[in-house]
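**Q** Could you have a look at this structure, given as structure tokens, before my questions?
The values are calculated or read from the model by the stated rules, or taken from the named source; none is laboratory data. This one's a predicted model, so the numbers in the text were calculated from it and none came from an experiment. Neighbour counts run over all protein chains shown; Cβ positions are idealised from the backbone, glycine included. SASA here: full protein model, heavy atoms, side chains in, ligands and nucleic acids out. Shrake-Rupley method; radii C 1.70, N 1.55, O 1.52, S 1.80 Å.
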Amino acid sequence: MLIPNKRNWLWLSVSVVLIWLDLWTKDLASAQLTYGIPVEILPVFNLTLHHNTGAAFSFLADAGGFQVWLFSGIAIVVSIIMVIWLGRLKHEERLLSASLAFIIGGAVGNLWGRLKLGYVVDFISVHYQSSYFPTFNVADIAINIGAGLMILDIVMNSEKEKSSAKKTD
């Protein structure tokens, strides 16, 4: 069964909220910002509209177009696998459920832009003096939070396994 308990619907709704927030902020950025022209919010934070045809950090952005379909295919397959995985988790696996919900939300948010526009809208720009971090968006933040939660879950579960193993010795 894909969704064995009601709790997992809550996590899927978190994904939907993240998708909505991501798409809303991208639409807002596209409507209000001029491409490539930074709007300073703080001395280290700008809003700057960019279109990314590549993956994270513009990887393969200049590859000629195939990358849009490659990254879209990967996002579709990974999202389906994660939805199934999320559906099979137990109620008490909250941290892993949250991590999957965030990753799914971010992946689908970026997928939407790739399929609809042929690129991902990025607009959050962080920098220090003249050193700029690659521009990103809400979906990228969600994916990174999800990855961090997944790492935390792995670390916490390995600690539980170690303490369980010591008790059985």
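**Q** So which of Asn144, Asn157 ends up being out of contact with any His (no Cβ under 6 Å at 6 or more places or on another chain), open to solvent by 80 Å² or more (accessible area, probe 1.4 Å) and over 17 Å from Asp27 (Cα atoms)?
**A** Numbers: Asn157 fails: open to solvent by 80 Å² or more (accessible area, probe 1.4 Å).
That would be Asn144, the only listed residue that is out of contact with any His (no Cβ under 6 Å at 6 or more places or on another chain), open to solvent by 80 Å² or more (accessible area, probe 1.4 Å) and over 17 Å from Asp27 (Cα atoms).
**Q** So how many residues does segment 80-120 have that are crowded, with 24+ Cβ neighbours inside 10 Å and either aromatic (Phe, Trp, Tyr) or not in a helix (DSSP H, G or I) (or both)?
**A** The total comes to 2.
**Q** Then there's this: Going by the conditions given, is Phe133 among the hydrophobic types (A, V, I, L, M, F, W, C) and surrounded by fewer than 19 Cβ atoms within 10 Å (Cβ to Cβ)? Full working, then the answer.
**A** Working: among the hydrophobic types (A, V, I, L, M, F, W, C): yes; surrounded by fewer than 19 Cβ atoms within 10 Å (Cβ to Cβ): yes.
Here the answer is yes, as Phe133 does meet what is asked.
Here is a yes/no grid of residues against (1) within 12 Å of Ser15 (Cβ to Cβ); (2) at pLDDT 90 or above:
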| residue | (1), (2) |
| --- | --- |
| Ser72 | no, no |
| Arg94 | no, yes |
| Gly106 | yes, yes |
| Asn110 | no, yes |
| Ala147 | no, yes |
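**Q** Tell me yes or no: at least one residue of segment 129-140 is outside any helix (DSSP H, G or I) and more than 28 Å from Lys26 (Cβ to Cβ). Walk me through how you get there before you give the answer.
**A** Pass one, segment 129-140, residues outside any helix (DSSP H, G or I): 129-137.
Cutting the leftovers down to more than 28 Å from Lys26 (Cβ to Cβ) gives us none.
Checking segment 129-140: not a single residue is outside any helix (DSSP H, G or I) and more than 28 Å from Lys26 (Cβ to Cβ).
**Q** Can you run down the residue pairs with Cβ atoms below 6 Å, 6 or more apart or on separate chains, where the first is in segment 34-50 and open to solvent by 90 Å² or more (accessible area, probe 1.4 Å) and the partner is in a strand (DSSP E or B)?
**A** Pairs that qualify, where the first residue is open to solvent by 90 Å² or more (accessible area, probe 1.4 Å) and the partner is in a strand (DSSP E or B), are Tyr35/Leu49; Glu40/Asn46.
**Q** Right, next: Quick one: is Trp9 at pLDDT below 95 and open to solvent by 50 Å² or more (accessible area, probe 1.4 Å)?
**A** Working: at pLDDT below 95: yes; open to solvent by 50 Å² or more (accessible area, probe 1.4 Å): yes.
Yes.
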